[in-house]
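Novice: If you scroll down you'll find the structure; I have some questions about it.
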2 protein chains.
Amino acid sequence: MAEQESTREKIKASAQEVFVERGYDGARMHEIAERAGANKAMIYYYFRSKDDLFESIIRETFREMFTSIGNLWTVPFTEPIEIIPAIVRVHLQFLYDHPHIPQMLGREMHSGNPIVARVIHQVFEEIGRENLSRFGQLFSNAVKLGKIRSVDPVQTIWNILGLNLFYFFTKPVIKTMWKTQCADEKKLLQIREQAIVDLLLYGLLPRQESKKSSTAQK
Amino acid sequence: MAEQESTREKIKASAQEVFVERGYDGARMHEIAERAGANKAMIYYYFRSKDDLFESIIRETFREMFTSIGNLWTVPFTEPIEIIPAIVRVHLQFLYDHPHIPQMLGREMHSGNPIVARVIHQVFEEIGRENLSRFGQLFSNAVKLGKIRSVDPVQTIWNILGLNLFYFFTKPVIKTMWKTQCADEKKLLQIREQAIVDLLLYGLLPRQESKKSSTAQK
DNA sequence: TTGGTTTAACTAACCGGTTAGTTAAATATA
DNA sequence: TATATTTAACTAACCGGTTAGTTAAACCAA
C-alpha cells in the first residue's frame, strides 16, 4: 500500500522534473521512468498516455499559480504604502520557492499545445476569475478613498505581475548579462524587491512632498 | 545565383517559422523543407545539421533583440517626461512588429540548450554590453541633474523591460483571462502603453503637485 | 494450518511509426 | 565538360505505447 502510492508519486515527481527541464516535446518517457526508479510500463499503468501525464502535471502547476496570485488579494486593502510592499514580497517569495512554475509557463505558454490552452481555461474558471474581481473591488475602493491615484485596476495587476515575473522569466539571459551581480541570488532579490516597491509607490519623477521616499537607492 | 540565394533564404525563413511555432524539439526538418518548397536534403546542403540551422536562427533573433534594446537608449536623455514615453513606445512597437522574438525567447530561454546559452553570451558581448553601459551613463546624469529620483539604473532597465514584455510573454494566458478586452489588440496596446508610462512617471501614490498627471485613466 | 485463487504491482521484450541524417544519381547551368 | 543544385530512396536510431508473463501479498475455503 505504501509502496504503490509511492511509485505513482515518484512518477509524478520525476515527470514534473523532466517536463520542466526538457518541455513536452523534449521529455522522454523512459527518462521519466528511470528517474522514478520504475519501469516505463508503470507510467502507462498509472497514466493513460504522455498527454495524460502531462495534463495532470500542468494542471497542478496552474492551480498553484492561480492560488498564489489569488492569495495576494486576500489581505484587506487599507494603506497602499503597507499593502503594496506586502503583495510584492509574498509574490516574489512564492516565485522563489516554486521556480518550476515560471519555467514551465515560459516554456509551454506559446507552444500552442491544446492541452495547455484547455487547462489554462479550466483552472482559471475554477480558481482565477473570482480572485480577480475581488482585487478589482478592493482596488477601486482604494481609488475612491483617494489612497492611490486614479488608475486602471487590470493594468495595475499586469504592472505588478510584470515587474515581479521579469527576473524569473528572463533569468538565463539576466545571469549572462550581469554575472557578478547575480552571484548572491537572495541578496539580488532583496534589491529587486525594493526597486519594484519603490517604482510602484513613487514612480520616477521627483516628488515635492515632505515625506521623503525612504527606499530609493543607488 | 539568384536561385541559390533564394533557396537558402527560403529555408531560413521557414526554419524561423517552424522553430517559433514548435520549438527546437518539436520542429521537424521535413516540415521546414516542405514550407520552403525544397527537398529535405537541401537543408543539409546549406546547413550542416539541425543544431547548425537552429543556431543561425536563434543568433539572428538575439541580434535583433539586443539591437532593438540598444536603440532605445540612443535618444539623448533630456526630459524624462518626454524620453520615457518615447522609450516605452519604441519598445512596444518593436515587440508588436516582431512577435516571434518574445515567443522564441519564452520558449527556448529555460531549455538549457547549450546552443542557446552560448549564443546569448556571444551576442551580448558583441552588441549588448556597450549599449548597457551607455544607458547607465545617461541615466546617472539624469539623476544628478535632479530630473528623476535617485534610483538604480540597472533595476530601472529591468522595470521598463518587465512592464513592456509582460503582455507579450503571457499573451496566451492573458487572452484567456480577459477575452473581451483583448478583441482589439491595437487598442489594448495603446491602453497598456499609457498605463506603463503613467506608472513609470508617477507611481501609485497620490501627488500634491500643481501639474496634474494627465495620463491616468478609468 | 494448508493449499488454491485472485489481484495489484511490476518487468523485459517487443512493435509500428517517426526522425535526423546520408548517398548516389539526375538535372540544370556555366 | 565541369560545377552547382536538386531529388528519391535509404538507414540506423529512437520513441510512444503494448503485450505477455512474473511476483508477492491478500483472501478464502476445507
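The values are calculated or read from the model by the stated rules, or taken from the named source; none is laboratory data. Fair warning: this is a prediction, and the values are worked out from it, not measured in the lab. Reconstructed Cβ throughout: ideal geometry from the backbone, glycine too, with neighbour counts over all protein chains shown. The protein model used for the area step is the full one, side chains on, heavy atoms only, and it has no ligands, DNA or RNA in it. Shrake-Rupley method; radii C 1.70, N 1.55, O 1.52, S 1.80 Å.
Novice: Restricting the calculation to Cα positions, tell me the Rg (one decimal) and the Dmax (whole number) of segment B:54-202 in Å.
Specialist: Rg, Dmax (Cα atoms, Å): 16.4, 47.
Novice: While we're here: Could you tell me which of the pairs B:LYS12/B:LYS50; A:LYS171/B:LYS171; B:LYS147/B:LYS186; A:LYS40/B:LYS40 are separated by over 22 angstrom between their Cα atoms in the structure shown? Intermediate results must be reported in sequence, preceding the final value.
Specialist: On the way: B:LYS12/B:LYS50 12 Å; A:LYS171/B:LYS171 19 Å; B:LYS147/B:LYS186 32 Å; A:LYS40/B:LYS40 33 Å.
Too far apart for the 22 Å limit: B:LYS147/B:LYS186; A:LYS40/B:LYS40.
Novice: Here's something else I'd like to know. With a 10 Å cut-off between alpha carbons and a GNM built on chain A, which of A:ILE87, A:ILE115, A:ILE58 moves the most?
Specialist: Highest fluctuation among the options: A:ILE115.
Novice: Still on this structure: Please enumerate, by chain and number, the aspartates and glutamates with C-alpha under 18 Å from the C-alpha of B:LYS179, excluding those fewer than 8 residues away in the same chain.
Specialist: Hits, sequence-local ones excluded: A:GLU125, A:GLU126, A:GLU130, A:ASP152.
Novice: Over chain A, with a Gaussian network built from C-alpha contacts below 10 Å, which listed residue (A:VAL197, A:VAL123, A:VAL151) shows the highest mean-square fluctuation?
Specialist: Among A:VAL197, A:VAL123, A:VAL151, the largest mean-square fluctuation in the Gaussian network model of chain A belongs to A:VAL151.
Novice: Something else now. Whole number please: convex hull volume per residue of the Cα set in the protein assembly as shown, in Å³?
Specialist: Values: hull volume 73.9 nm³, N = 436.
Hull volume over Cα atoms, normalised by residue count, gives 170 Å³.
Novice: Could you work out the pair-distance distribution P(r) of segment B:101-152 from its alpha-carbon pairs, with 5 angstrom bin width and percents rounded to whole numbers?
Specialist: Percent of pairs per bin, in order: 4, 17, 16, 15, 13, 12, 12, 8, 3.
Novice: Give me the distance in nm between label points sitting 7 Å out from Cα along the Cα-to-Cβ direction at A:ARG134 and B:THR67, one decimal.
Specialist: Roughly 4.8 nm, to one decimal.
Novice: Here is a follow-up. Rounded to the nearest 500 deg cm²/dmol, what is the calculated helix-only ellipticity per residue at 222 nm for chain B, with -39500 (n - 2.57) per DSSP H run of length n ≥ 4? List each step's numbers first, then the result.
Specialist: Numbers: 10 runs with 159 residues, N = 218.
Per the formula, -24000 deg cm²/dmol.
Novice: When the convex hull of the C-alpha atoms of segment B:1-47 is computed, what volume per residue in Å³ does it have? Don't jump to the answer; show the numbers that get you there.
Specialist: Values: hull volume 2.8 nm³, N = 47.
That works out to 59 Å³ per residue.
Novice: Sticking with this structure for a sec: Using the Cα centre of the protein assembly as shown as the reference point, and only Cβ charges (+1 on K/R, -1 on D/E), how large is the resulting charge dipole? Debye, rounded to the nearest 20.
Specialist: Details: 58 positive and 52 negative charges, 210 e Å.
Using Cβ point charges on Lys, Arg, Asp and Glu, the protein assembly as shown gives about 1020 debye.
Novice: Follow-up. Using the Karplus equation 6.51 cos²θ - 1.76 cosθ + 1.60 (θ = phi - 60°), what ³J(HN,Hα) coupling, rounded to whole Hz, does each residue of segment B:141-154 give in order, writing x for Gly and Pro?
Specialist: Karplus-based 3J(HN,Hα) across segment B:141-154 equals 4, 4, 5, 4, 6, x, 6, 10, 5, 7, 10, 6, x, 4 Hz.
Novice: Follow-up question, since we're still on this one. With charges only on Cβ, +1 for K and R and -1 for D and E, what is the dipole size of segment B:21-145 about its Cα centre, in debye, rounded to 20? Numbers along the way, then the final one.
Specialist: Working: 14 positive and 16 negative charges, 27 e Å.
The calculated dipole for segment B:21-145 is roughly 120 debye.
Novice: Mind checking which of B:SER14, B:SER111, B:SER150 has the largest fluctuation in a GNM of chain B, springs on alpha carbons under 10 Å?
Specialist: Largest GNM mean-square fluctuation: B:SER150.
Novice: Let me ask you something else. Estimate for me the total accessible surface buried between chains B and A (protein heavy atoms, probe 1.4 Å, no ligands or nucleic acids), in Å² to the nearest 100.
Specialist: Details: alone 13480 and 13530 Å², together 20300 Å².
Accessible area lost upon association: around 6700 Å².
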